[in-house]
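A quick write-up on the structure given underneath.
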Amino acid sequence: MKSIWIGLLLVFIAIVAYLWWRQEERKITFVKYEEFGIEMPVNYKIHGIDVSKFQKDINWQAVKQMQVDDIRIVFAFIKATEGITRQDALFQQNWDQAGKAGLIRGAYHFFYATRDPLKQAINFHNVVELQSGDLPPVLDIETSNGQPPAVIRSTARIWLEEMEKVYKVKPIIYTNIHFYETYLGDEFDRYPLWVAHYYQKERPRSDRSWLFWQHSDLGRVNGIRTTVDFDVFRGDSVALAKLCIP
């Protein structure tokens, strides 16, 4: 009988500890940095940006060298392709120069569920040559184009599986929580998630675990004349390195 009570007490302590951890995990502190033009979630140590041709010519050395307190840009997601035929006009320039500057790079594809997913995968593969130390390929899927969830799931799955065959690494999914829960769901939980959630000073509210959080689209950084999306990684430098292609 005594051992049963001890077991129940341990279970109770474990539940209380878990609930406390979840509560603490939800707490977040934003600090306004005039240099970056936005409030930054300082609970995270690994910061990054994501860019496309709309950021125009970027001085990647200036991006890399900028540091305010302990905050500096460590990684960058760069748009590579869209649909079955489009390539970002500045991808190769951004890709090469970001790498030379010493940033961890990731490339993303803007996906249409109304286009052939294999042809979209070929479009990406023809443009993006990933190397050791780069982040896995990213599926940017955020619009339904009037397609039902079943079609979106089936086409997205084809692109993801094809990319995993080509690059030998599990791709990352970029989307927002509403789209994920409405159109993707549990069968995609095995993929790392990069979630868009800004204009609200709180973490993305979802039981789905995520690795990257796009928390603002109004950031400023040296070397970029326009505003730029800011992101954080949910982990330390060791975890980020482990995620990258070996």
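Just a few scattered comments:
- Looking across region 124-165, the residues that are part of a loop (DSSP other than H, G, I, E, B) and either more than 17 Å from the chain's Cα centre (by Cα) or hydroxyl-bearing (Ser, Thr, Tyr) (or both) come down to Val128, Glu129, Gln131, Ser132, Thr143, Ser144, Asn145, Gly146, Gln147, Pro148.
- Residue match in region 190-209 (condition: modelled with pLDDT of 95 or more, over 29 Å from Phe36 (Cα atoms) and open to solvent by less than 30 Å² (accessible area, probe 1.4 Å)): yes
- Close pairs from region 112-127: first touching a residue at least 24 places away in the same chain (Cβ under 8 Å) and of a type in the set (Lys, Arg), partner assigned to a helix (DSSP H, G or I) and open to solvent by 40 Å² or more (accessible area, probe 1.4 Å), Cβ under 8 Å, at least 6 apart: none
- Region 169-202, residues that are touching a Lys or Arg at 6+ places or on another chain (Cβ under 8 Å) and either basic (Lys, Arg) or in contact (Cβ under 8 Å) with a residue 60 or more places away in the chain (or both): Lys170, Arg190, Glu202
- Among residues of region 203-216 that are in a strand (DSSP E or B), those with a Cβ under 9 angstrom from a residue that is of a type in the set (Gly, Ala, Ser) and open to solvent by 30 Å² or more (accessible area, probe 1.4 Å), sequence gap 6+ or separate chain, pair up as Ser216/Gly37.
- Matching option when the condition is loosely packed, with under 13 Cβ neighbours inside 10 Å and acidic (Asp, Glu), among Glu187, Glu181, Glu142: Glu187
- Residues (open to solvent by 40 Å² or more (accessible area, probe 1.4 Å) and more than 15 Å from Pro204 (Cα to Cα)) located in region 25-36: Val31, Lys32, Glu34, Glu35
The values are calculated or read from the model by the stated rules, or taken from the named source; none is laboratory data. Quick caveat: nothing in here was measured; it's all calculated off a predicted structure. So basically every Cβ, Gly included, is an ideal-geometry build from the backbone, and we count neighbours across all protein chains shown. We work out accessible area using only protein heavy atoms, side chains counted, and drop any ligands, DNA or RNA first. Shrake-Rupley method; radii C 1.70, N 1.55, O 1.52, S 1.80 Å.
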